[in-house]
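To start, the structure under review is shown below, and the notes come after it.
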Amino acid sequence: MEQFHYRMLEDKIRLDAYNAAIRKTVRQGDIVVDIGGGTGILSMMAAACGAKKVYCIEASEIAIIASEVVDHNGYGNVISVINKDLRDVELPERADVLIGEILGSFGIEEDVLKLYHIAVEKFLKDDGRTLPRALSLFAAPTYSRILQEMTTFWDSISGLDYEPVKKRLEHLVVIEEVEETELLEAPNLIGQFSLKDCENFDINQTTRFTFSRNADINAYCGWFSTELCEGITLDNSPFSPQTHWKQIIFPVLPAVSVRKGDSVEVCISSLHYGDAILFNWFSDFNLSGELYKRQGISSLRLKVPDKVTDWFKPQNSSSVRLSKKGLKMRDILSGIRVDDTLTSIKKRLSEINTEHDAELITREYLANGWLETF
Ligand SMILES: C[S@@+](CC[C@H](N)C(=O)[O-])C[C@H]1O[C@@H](n2cnc3c(N)ncnc32)[C@H](O)[C@@H]1O
């Protein structure tokens, strides 16, 4: 069994919160759909609350284990395990309750918003309930000791300097524990979503922090808080006991020294890129009146490796070709002329993307040096 299922099942804070919320939400005789059912744990909790039928939809092969565990625990007559991507599933009836835990360390990076949107449309009755109900995302500037150690690690390996790796760390999203004492200022809200009627699957939020003391900042720390049902929330905030999610770290490397009264305006945004969700974090520091810009763009999938060597694992090597949209993008990009303005390029991009995505694509191209202004 994959290790991440073990880590999730071992996380008592997560399971106790879900169990309490399922008890409060699922009623005798309910039809329940569990999206991303994993080993079937949430489906079995729902069945234990008297659900008449539970559809446990799981895309990966862990569904085989789920089926056996469900039968072994005597729930085979209530729970149907469906080993498919939920996008390919049709059900014979609509559900009273949609449950699921598809949360990453910053909430959205496993595409929970889009998957809930699809699942609500396909599976839920109009007056049905979703569990979770809502998701909020937070960020705060931090000085992460672990990130500092990761940075110095590359200074000398058997006496060799790995600067080419070190300079890329600024664009690596890291999942590690951040202690409350490592936060430099109080957190700000970065995004808030309802899981029953969410139509926007990305964040794009600018927020400002003013520093109340001299400090070094080497990252923003992010986390989520989710309202599972009325009165029950679950979070991976550094102010709460640690869970398997730890926290997400968006590096600002090398670290920036700030003085009391200095401020930073940071725009944290996400971008759907094929199957992956990329993050951008653009900082505008005001250091005693001097403006100073920094940009971080996650260029790898948000799957954080246990070993640093995993960063260099090749991506999926299946063959690819340009889709219809890709061909249109190619036409737009190859049609750029020297007298074009960014606004006109964004306008053309927004003909095949949402305006929000066109904006993000333009910024990403500029930041990566694929597009330059002069
Ligand atoms: C965070 S795990 C949670 C597993 C289980 N519900 C639990 O609480 O232990 C999320 C699961 O969702 C599954 N998943 C992700 N996207 C899916 C999709 N589009 N359709 C079906 N399952 C999906 C993953 O394979 C993974 O097993």
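Values quoted throughout were computed directly from the atomic coordinates according to the rules given, and no laboratory measurement underlies them. The shown structure was predicted, so the numbers you read here are calculated from the model rather than taken from an experiment. Positions of Cβ are generated from backbone atoms using ideal geometry, with glycine treated the same way; all protein chains shown enter the neighbour counts.
Figures for the structure shown
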quantity	calculated
Length-normalised contact order of segment 2-101 in % [C-alpha pairs under 8 Å, at least 6 apart]	30
For segment 135-300, average projected area of the Cα convex hull in nm²	11.4
Percent RCO, i.e. relative contact order, over segment 53-176, from Cα pairs under 8 Å lying at least 6 residues apart	19
Cα gyration tensor category, rounded, prolate or oblate, for the chain with a/c compared to 1.5	prolate
Taking the chain and dividing mean pair separation by its residue count, relative contact order in percent (alpha carbons under 8 Å, at least six apart)	13
For peptides 71-79, 95-103, sequence by mean Cβ density within 10 Å, most packed first	95-103, 71-79
Computed E for ASP216/LEU160 - FRET, C-beta separation, R0 30 angstrom, nearest 0.05	0.65
Estimated FRET transfer efficiency when R0 is 35 angstrom, pair SER323-PHE153 (beta carbons, to 0.05)	0.30
Most to least packed among 182-190, 43-51 [average Cβ atoms within 10 Å]	43-51, 182-190
Computed E for PHE4/LEU189 - FRET, C-beta separation, R0 22 angstrom, nearest 0.05	0.20
Residue-wise HN-Hα coupling along segment 275-290, computed from phi with Karplus coefficients 6.51, -1.76, 1.60 (Hz; x: Gly, Pro)	7, 8, 10, 9, 10, 10, 9, 9, 10, 10, 8, 10, 9, 6, x, 8
Distance between segment 27-59 and segment 118-159 - C-alpha centres, whole angstrom	25
Added length on full extension, which subtracts the Cα-Cα distance from 0.36 nm per residue, LYS84 to ILE13	22.7 nm
